[in-house]
Protein chains: 2
Amino acid sequence: MADTVSRREIILQQAAHLFREKGYPGANLRELARRAGIQGGSIYHHFASKQEILFQLMDQTMSDMIERLTQQLVGAQTPLEKLRRTIHFHIEYHVTGPDQTYITDEELRNLEPENYLKVVAKRDRYQKIIEQIMSDGKAKEGWQLDEPKLYTRALIKMCAGVSTWYKPGGGMTVAQIAEAYIGLLCNGLLPREEL
Amino acid sequence: MADTVSRREIILQQAAHLFREKGYPGANLRELARRAGIQGGSIYHHFASKQEILFQLMDQTMSDMIERLTQQLVGAQTPLEKLRRTIHFHIEYHVTGPDQTYITDEELRNLEPENYLKVVAKRDRYQKIIEQIMSDGKAKEGWQLDEPKLYTRALIKMCAGVSTWYKPGGGMTVAQIAEAYIGLLCNGLLPREEL
DNA sequence: TATTGTACCTAACAAACGTTAGGTTTGCAT
DNA sequence: ATGCAAACCTAACGTTTGTTAGGTACAATA
């Protein structure tokens, strides 16, 4: 069971970490190569340009997110159950791969126009999945919301933000954080009468 | 009533815009100078380095945020009223000065250690104000929350995120967005029985 | 053994960068 | 008019950057 991770994937992984650390323009390819265990010029055997590394990283991450969220929602019967799974997934995915998700969330401005459009299209597909849950919740369960898009954005930002401060083994588990955020989004802060 | 804005402030303003557009490492001083209406080298008459521009921008913004939030809370009687004003302020401030707030939220990693500590200290002061409101709400009004810090972070990320998509004259006013978010955080999505 | 393609190295390129030194202009106080 | 400091310009510096060309090591194939 040796290390079957290809050099290409090592580069992508290290690139995510380095881009997060310094930002895409602040990261340089010699440092990236060093971390990947090769010389500067050798990166071009695997990628055509620095830009392509960024694009592959973001495009791959967005595809993975869409696929996995879709999987998670299979078998969920009610909008409420779908919402719970979405919140849990979105937090866990961001905490598990904080480098990839951070890049994907924050480096859109550094994509060349063509790549930008592709990644934004996938991001919109992801958002639409959640928007649909919000709309269903309103239609079928009387959720209190006007603009599904507005609440979707709130959910996404709030859950993605966890990865900016979360440290493994630091008091709360991901499951606990997810439960707290599910409670907040479903019931709010103010006390409820018992039903 | 001529243009009394000093060149120094013009540079800071344009820097905020440019840094947001390209990221701190991706922005170059010749371009910044051009936008400020001077030559590249002349920036150094006003600032000692590129780093100092970033620091002044962030430090100034954090001080302003603390001061204004504190003002907004004067006269608020209950935790609920304080929460409402905080949400409204945080959204409005981010939407009004999206360049400055974006830099302050996202460019911490590019501050040199000494500057980093100063800005983080002010950011923590700002967060503590909101945390205190959460704690008070729990103690005095029975709000449903365990970790005030957790909910503070959720609030901050969620409200700050508005500035990433908000466009003036695009359907909703800031006040409407604020009301929606206040409702979400206070009552949640699920329907409530009438009290 | 000869061939071939993949993976990598070395060294260099042109461009862009933050920064600096030294000179010029401008407006104001004396 | 003179002195002077603030505000700005010009031109250059050393370094770093993304990228490329040409070569080497090596395993698989024939």
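Summary table
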| read-out | value |
| --- | --- |
| Residue in segment A:167-174 that is within 12 Å of chain B (Cβ to nearest Cβ), in contact with a Leu (Cβ under 9 Å, 6 or more places away or on another chain) and either modelled with pLDDT of 95 or more or within 29 Å of B:GLU131 (Cα to Cα) (or both) present | yes |
| Scope segment B:37-49; condition within 13 Å of DNA strand C (Cβ to nearest atom) and in contact (Cβ under 8 Å) with a residue 12 or more places away in the chain; matching residues | B:ILE38, B:ILE43, B:HIS46, B:PHE47 |
| Residue satisfying condition, being aliphatic (A, V, I, L, M) and surrounded by fewer than 17 Cβ atoms within 10 Å (Cβ to Cβ), within set B:ALA48, B:ALA27, B:ALA15 | B:ALA48 |
| Residue identified as within 16 Å of DNA strand D (Cβ to nearest atom), part of a helix (DSSP H, G or I) and touching a residue at least 12 places away in the same chain (Cβ under 8 Å) among A:GLU31, A:GLU21, A:GLU92, A:GLU52 | A:GLU31 |
| Scan of segment A:12-28 for residues that are more than 14 Å from chain B (Cβ to nearest Cβ) and either within 13 Å of DNA strand C (Cβ to nearest atom) or in contact with a helix residue (DSSP H, G or I) (Cβ under 7 Å, 6 or more places away or on another chain) (or both), ordered by number | A:LEU12, A:GLN14, A:ALA15, A:ALA16 |
| Cβ pairs under 9 Å, 6+ apart, first in segment A:107-121 and within 23 Å of B:LEU18 (Cβ to Cβ) and without any contact (Cβ under 8 Å) to a residue 60 or more places away in the chain, second buried (at least 16 other Cβ atoms within 10 Å of the Cβ) and among the β-branched types (Val, Ile, Thr) | A:LEU108/A:VAL119 |
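The values are calculated or read from the model by the stated rules, or taken from the named source; none is laboratory data. In this text, all values refer to a predicted model and were calculated from it rather than measured experimentally. Neighbour counts are summed over all protein chains in view; Cβ atoms, including those assigned to glycine, are modelled from backbone coordinates with ideal geometry.
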